[in-house]
Amino acid sequence: MQVASFLLFVILCAELMGAYAGPGAGQYTWERFKKLPYPGDKAFLYDTFPDGFMWSVGTAAYPIEGAFEKDAKGLSVWDTFTRGGSRKATGDVGSDSYHNIPGDIRALQQLGVSHYRFSLSWPRIFPNGTRGSYNEKGTQYYKNLIRRLKEIGVQPVVTLYHWDLPDALQRLYGGWSHPILVDLFKDYADFCFKTFGEDVKYWITIDNPFVVAWHGYGTGIMAPGIKNDPDLPFRVGHILLKAHAAAWHVYDQQYRPLQGGQVSMALGSHWIRPSKTRRENLRACQCSLNFVLGWFAQPLFVDGDYPQCMKNNLSSRLPSFSEAEKASVSGTADFFALSFGPVLSFQLINESLKFGQIEDLDLRMLLYWIRAEYDDPPIFIVENGWFVYSNTKTEDPKHMYYLKRFIMETLKSIRYDKVRVIGYTAWSLVDGFEWYREYSMRRGLFYVNFDTTDMKREPKTSAIFYKKLIERNGFPPLPENKPASGVFPCNFAWGVAANSIQVETTPSQFADPSVYIWNITGNGELKRLDGAWAPPTRRAPRCADYTSIRHQVAQVRRMHVNHFHFSLNWSSLVPTGKVSEANATLLGYYRCFVGELLRANITPVVTLWHHTGRHSSLPAPMEAKKGWRSTETVQAFVDYARLCYQQLGAYVKLWITLNEPNTEELGYEVGHQLLRAHALAWHAYDKDFRKDQGGKVSLTLHTDWVEPAYSFNRNDLVPANRVLDFRIGWFAEPIFGSGDYPPGMRSWLQQRNTLDLFSYHLPVFSEKDRKLVRGTYDFFALSHFTTTMVSDVVEDKYTYEGMLEVHYMIDVTWIMSPLRSSPVVPWGLRKVLNWVNSKYKGVPIYIMANGVDEDPARFKDSLRVYYLYNYINEALKAYKLDGVNLQGYFAYALSDERDPGFGMYGHVHEDFIVKSSLTHYRNIIDHNGFPSPSAAQQHCPHPTESCPGCHLFTKRPVVGFLSLVGSALLITVGMIIYYAAKRHK
């Protein structure tokens, strides 16, 4: 609630900064949205739509009606257009709605919409386009449809013209290029208002006039397919505006007093963003929108004339309105009817219309631009949605999530931006003929099999989603979506993780025997004198002599964590693979490092082997001998583990044998050997070191969550469970469970082997190995970063994994990280914690790494602040509400220097900068979570410092410096007094 209030405050400030509305005011839209708080403004909004909000679904006549010659219907330009050129399909049958009103009515009832937008076919009512050719049967079809809608309580939103002009008018007059169409359309509209108007309260005169003019009479992509006259589209647009205005005035003067309806023209638009943050780029974006949307919107909603940008660019090519015509056109829209989606976006916007800028898909920004540019009109979104390819049947998660995104943007525009959106229309009700795309894509909420005679309507996942959304009137807040209050236990492990630490085995200059001179005339650097050596010091070397250790420990202490997780470098510690030839200097450095951590009351957590995608991190001789496939490597790892236990075990009480070994690229044979290596290392500690050292050992598994793309029935969970078995269960089940691989994993691979000629060999555990591996853990350590979704539907071959037969996807409403495009999904952490807890009841769990990438140059890393707050809060829910035995949380990572893009310390040249995320994380640690203001304060004992005063030089450098100066001053004064007294004698 506090976050929402803050967002509204920021948005209100932005409104006050740009309160001017009218032509040109829209150009401030991009700057306004750039100033909104990130990522809070991008976060999902749980809220509902205003009471009385109109939920609608729509169709157009030609794509769905069929019956192109039935009952004396005349030909349309689309009937003719689809039979010419290289086109392969027609809309002769479409989804046969002409013969299936009951099927469409059932679909509408299932959705629960309040409104249904459909179009009348002009040539079905007037076969040759004029009243003299009136067709009673065609008219009766629409009367029957409207009557049935009235029976189920659904209000019609009727479009007079959705691109299917009577072909006779095209042949006789050249279609919309002839001014006579103004009177002919006016007469057709008058008939429709009189015939159907008693039951219709929302009228659309013409749908998307830009498409009709630009692509019907310019590019020739759409019917009637006219091209080669670059000025014709503007003359056609001129006539379309006059025809609309004529129809509006007929309704306003003759029918509005009795019928009480409203009339508008449906205007389509794209969205565009500046390629550079310059004023001229913003003007180019403004011009792009004016050439598409403003072409028709400004005459209707402003002054009856075209945008200045069009006039400047087109000059005499653009027709002009007389003063009387301006007065006639201006104000002829009772609401702003907006069409947004794949009709134009990324489909029918020519490069020339982008003016060098970048096309984008942002309905919210477009809605705000309309509000600013046209003085806050009521907006009815009369067409919106997305598409899937023709091979998609009833499972269309991509379409569903685009609907979710657009509806979410609409809700934000209402709640945050104060845009007056009065209704939303999902497109479309059923699959049909998709204009110039023919049957290559589907846009329906209901699937239609065009190869069957009955054209049965089957609800898709998008239909079920839309139905549930309408029932709830949006996205009402749920208890699980609200932040939790509470604290973690006093002994909770707060940590930070780093893949590695900086190793600098040469001590600092204070232990360096070399002699230096100060180059005071040059760059001021110290220069070592060759052959000159200082007398040997009598004191033994100390761990504090390493500047890098002091610096890194100081960085960790500044975070207020009590644990630090890092990885050793096996290939550097034991380059030959033989522990007898270990690098003693490096081992001593690691010993110093963990010792200094302990002196600072920070518990070291040490990983023995850290897998990275770039290289194996194995000693070179081991890599040369087949790597992990060799039993020699397994034994060498156990010997290496023993060495580390012996040399570092007095300091290290939490060990990780393998970090994230469960990666697909290693393969099942290597995975089998890794399990044995971990188990042998664990047993070595358990048998020979645990009693004296009292530590704990486990391995860290990568556990990004996998969510079903939709979960309307149990079968929808199957693909996600399969992926979880292969990703996590692969290593978790042998160790924490049965001692063997998940049954579902083995049976699936056996099935795949029959199809793929034994490409996937999953090794078999011997009884000895089963006993060896099972139970080799002291806690469950996991790393978690993000969440993906899966379904078993092939929608995109690039994100389809054939072996598991799953399609990976994301919810397009999720916040994405800027560098790796990784979704930020906090609730995924809670789900994976509960999954582990349900599989291995009560196991102690440590989150060993959790973080997000962000631009290293952003020291005010607001995305990471948001990420840490929300992910830790979900961890608290798992601990307090779900009973998960959560023992610790480690943020990833310490510094950009070692983990670029993930650090809470920035790194510029030799300087380290504290980022905002570090301050926020430290605040959470200091409060041990998110305590409620009304709750009693938690009192936790503070650990006593093992070395009081040993941090003098790391925490209080000024005090240390003054102490040295003071000591030197005392010595000097003493010597002066001594020699003065001696001389006096």
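General observations
- Dipole moment magnitude, nearest 20 debye, region 303-402 about Cα centre, only Lys, Arg, Asp, Glu C-beta charged: 280 debye
- R0 of 35 Å, Cβ-Cβ distance residue 352-residue 44: FRET efficiency to nearest 0.05: 0.45
- When each of the peptides 359-366, 779-786 is scored by how many other beta carbons lie within 10 Å of its residues on average, the order from highest to lowest is 779-786, 359-366.
- Note: relative contact order over the chain, using C-alpha pairs below 8 Å and six or more positions apart, is 10 percent.
- Taken per residue, the accessible surface of region 276-351 reaches 38 Å², heavy atoms only and a 1.4 Å probe.
- Rg/Rh for region 667-814 stands at 1.04; both radii use Cα atoms, and Rh follows the Kirkwood definition.
- Spin-label pair residue 665/residue 275, simplified geometry with 7 Å Cα→Cβ offset, distance in nm: 3.5 nm
- Efficiency of FRET from Cβ geometry, residue 747 and residue 542, R₀ 56 Å, rounded to 0.05: 0.40
- The stretch between residue 198 and residue 969, if pulled fully straight at 0.36 nm per residue, gains 267.4 nm over its current Cα-Cα span.
- C-alpha center-to-center spacing [region 341-408, region 554-571] in angstrom: 47 Å
- In the chain, the longest principal axis of the Cα atoms and the axis of helix 916-926 are about 60 degrees apart.
- Residue-by-residue Karplus 3J(HN,Hα) for region 621-633, coefficients 6.51, -1.76, 1.60, Hz, glycine and proline x: x, 5, 5, 5, 9, 6, x, 5, 5, 8, 5, 5, 5
- Cut-off 13 Å between beta-carbons: net charge of the residues surrounding residue 735, Lys and Arg +1, Asp and Glu -1: +1
- Treating each Cα of the chain as one equal point scatterer and applying the Debye formula with no solvent, the log10 of I(q)/I(0) at q = 0.05, 0.06, 0.08 Å⁻¹ comes out as -0.43, -0.59, -0.89.
- All other residues whose Cβ lies under 12 angstrom from that of residue 684 are scored, Lys and Arg at +1 and Asp and Glu at -1, for a net of 0.
- The residues neighbouring residue 851, those whose beta-carbon lies less than 10 Å from its own, together hold a net charge of -2 under the Lys/Arg +1, Asp/Glu -1 convention.
- Using the 1.4 Å probe convention, the accessible area of region 817-900 works out to 35 Å² per residue with neighbouring protein chains retained.
- Compactness of region 121-277 - radius of gyration and Dmax, Cα, Å: 16.7, 59
- Backbone phi angles across region 283-299, fed through the Karplus curve with coefficients 6.51, -1.76 and 1.60 (θ = phi - 60°), yield HN-Hα couplings of 5, 5, 4, 4, 5, 4, 5, 5, 6, 9, 8, x, 3, 10, 6, 5, x Hz in residue order; Gly and Pro are listed as x.
- For a paramagnetic label modelled on residue 882 (point 7 Å from Cα along Cα→Cβ), amide N atoms under 19 Å away belong, within region 729-747, to 729-730, 732-733, 736-737.
- Angle between the chain longest axis and helix 232-250 axis [Cα atoms, degrees, rounded to 10]: 70 degrees
- Most tightly packed first, judged by the mean number of other beta-carbon atoms within 10 Å of their residues, the peptides 923-932, 761-770, 288-297 read 288-297, 923-932, 761-770.
- Approximate spin-label separation residue 506-residue 88, in nm, with each point projected 7 Å along Cα-to-Cβ: 6.9 nm
- Applying 0.36 nm per residue to the separation of residue 936 and residue 857 and subtracting their alpha-carbon distance, the gain on full extension is 24.4 nm.
- Between the beta carbons of residue 691 and residue 717, assuming R0 = 45 Å, the FRET efficiency works out to 0.50 to the nearest 0.05.
- Farthest toward the positive end of the dipole of the chain, out of 425, 318, 848, is the Cα of 848, where the dipole comes from beta carbon charges about the Cα centre.
- Long-range HN-HN contacts of residue 607 with modeled amide H, under 5 Å: 566, 567, 568, 656
- Cβ crowding within 10 Å averaged over residues, with 679-685, 422-428 ranked highest first: 422-428, 679-685
- Each residue, residue 454 and residue 632, gets one label point 7 Å from its Cα in the Cβ direction; the gap between the two is 7.0 nm.
- Charge dipole of region 19-158 about the Cα centre (unit charges at C-beta), most positive-ward option of 99, 144, 85: 85
- Simple rule: put +1 on each Lys or Arg Cβ and -1 on each Asp or Glu Cβ in the chain, find the dipole, and look at 208, 125, 747; the Cα lying farthest toward the positive end is 747.
- Stretching the chain fully between residue 137 and residue 308 yields a gain of 56.9 nm (0.36 nm per residue, less the alpha carbon separation).
- Here the accessible area is traced with a 1.4 Å probe on the protein chains. For region 207-311, carbon and sulfur cover 49 percent of it.
- Within the chain, helix-based [θ] at 222 nm, where runs of 4 or more DSSP H residues each add -39,500 (n - 2.57), nearest 500: -11500 deg cm²/dmol
- Prolate/oblate/rounded label for region 66-205 (Cα gyration tensor, a/c 1.5): oblate
- Size of charge dipole - the chain - debye, nearest 20, with Cβ of Lys, Arg +1 and Asp, Glu -1, no other charges: 2820 debye
The values are calculated or read from the model by the stated rules, or taken from the named source; none is laboratory data. Being a predicted model, the structure only gives us computed values, none of them experimental. FYI the Cβ positions are ideal-geometry reconstructions off the backbone, even for glycines, and counts take in every protein chain you see. We work out accessible area using only protein heavy atoms, side chains counted, and drop any ligands, DNA or RNA first. Shrake-Rupley method; radii C 1.70, N 1.55, O 1.52, S 1.80 Å.
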